[in-house]
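Asker: One structure, as structure tokens, below. Some questions next.
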Amino acid sequence: MTPADLKGARVAVRAYTQTTGLWCHGALQEHFGIAPEDVTWVTTEAPHVAGYVSPSNVLRAPEGTKPMDLITSGDCKAIILGPRNAKGTNLKSVVPNVDEVVEAWRTKHNAMPINHMITVTEDMIQNHPEAVQEVYDMLKKGYEIAKEAGELSPAIRIGQDAVWHTLEVCMDYCVAQGLISRKFTREEVFAPVR
């Protein structure tokens, strides 16, 4: 298979709103012209966002189905998996030069895809700003200790400036994929911290 074979195909993914899928959908569109709506996404989990209604090209597999079940049964032609989940399988990448594509994406966007972030509620910020600041300060100190010890993954970033550009790319993808209705401003996303 090649990326072109994904047009019109059924592709398994845990959830359409999952971050790994978000980045893969965006990269497929940018590098290979495969728009998210060109594929039928078959999910094994409900959306990861409460109240989200999936587009018409997103179908839910029967309860209890695992993404690999959709491949082994032949129901889907491809699957989106993180590298750890693909280990030990006989699956091959649809993108033959995946490392080159990843590097081209990173170079183009000067960004690192984000899958997880530590966040707090607006209520915490309003009612306990000192606690929020203290948690942030502790995380930053741990980050600096790990960095000095050479034990920090380059994927780990801390602070608004370090992640804002990647969040902008993420929001562009989210709007294009129908996950959010508009991009948010920096002020809407981040509360003030020292």
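Quick note: the coordinates plus some simple rules give every number you see, no bench work behind them. All of these numbers come straight from a predicted model, not from anything done at the bench. A quick note on method: Cβ atoms are made from the backbone with ideal geometry, for glycine too, and the neighbour counts reach across all protein chains shown.
Asker: Specify the residue with the greatest mean-square fluctuation among Ile156, Ile180, Ile125, computed from a Gaussian network of the chain linking alpha-carbon atoms under 10 Å apart.
Answerer: Ile125
Asker: Let me ask something else about it. Loop only by DSSP, 16 or fewer other Cβ within 10 Å of the Cβ. Give me the chymotrypsin sites (Phe, Trp or Tyr not before Pro) in the stretch 16-91 that pass, ordered by residue number.
Answerer: Tyr52
Asker: For the chain, find the longest principal axis of its Cα atoms and tell me its angle to the long axis of helix 19-32, 0 to 90°, nearest 10.
Answerer: Between the helix axis and the principal axis of the chain, the angle is about 60 degrees.
Asker: Then there's this: State to the nearest 20 debye the size of the charge dipole of the chain about its Cα centre, where the only charges are +1 on K and R beta carbons and -1 on D and E beta carbons.
Answerer: For the chain, the charge dipole is close to 500 debye.
Asker: Could you sort out which of Lys7/Lys87; Lys7/Lys77; Lys66/Lys92 sit more than 20 Å apart by Cα distance in this structure?
Answerer: Going by Cα-Cα distance, Lys7/Lys87 fall outside the 20 Å limit.
Asker: Where does helix 160-176 land angle-wise versus the long Cα axis of the chain, in degrees 0 to 90, nearest 10?
Answerer: 30
Asker: Taking Cα centroids, how far is the stretch 1-50 from the stretch 110-175 in Å?
Answerer: About 26 Å separates the Cα centre of the stretch 1-50 from the one of the stretch 110-175.
Asker: Which one of Ser54, Trp105, Ala78 is farthest out on the positive end of the charge dipole of the chain, using unit charges on Cβ (Lys, Arg +1; Asp, Glu -1) and the Cα centre as origin?
Answerer: It is Ala78.
Asker: Shifting gears a bit: Net charge within 14 Å of Gly33 by Cβ-Cβ distance, Lys/Arg positive one each and Asp/Glu negative one each, not counting Gly33 itself?
Answerer: For residues surrounding Gly33, the net value is -3.
Asker: Looking at the stretch 120-169, which trypsin sites (Lys or Arg not before Pro) are in a loop (DSSP not H, G, I, E or B) and have at most 13 other Cβ atoms within 10 Å?
Answerer: Hits after loop and neighbour filter: nothing returned.
Asker: In nm, to one decimal, how far is the Arg84 label point from the Ala4 one, both placed 7 Å along Cα→Cβ?
Answerer: 3.6
Asker: Quickly estimate the mean residue ellipticity at 222 nm for the chain, helices only: each DSSP H run with n ≥ 4 gives -39500 (n - 2.57), and the total goes over all residues, rounded to 500.
Answerer: So the calculated ellipticity at 222 nm is -12500 deg cm²/dmol.
Asker: In nm, to one decimal, how far is the modelled label at Thr107 from the one at Leu91, with both set 7 Å along Cα→Cβ?
Answerer: Those two pseudo-labels are separated by 2.7 nm.
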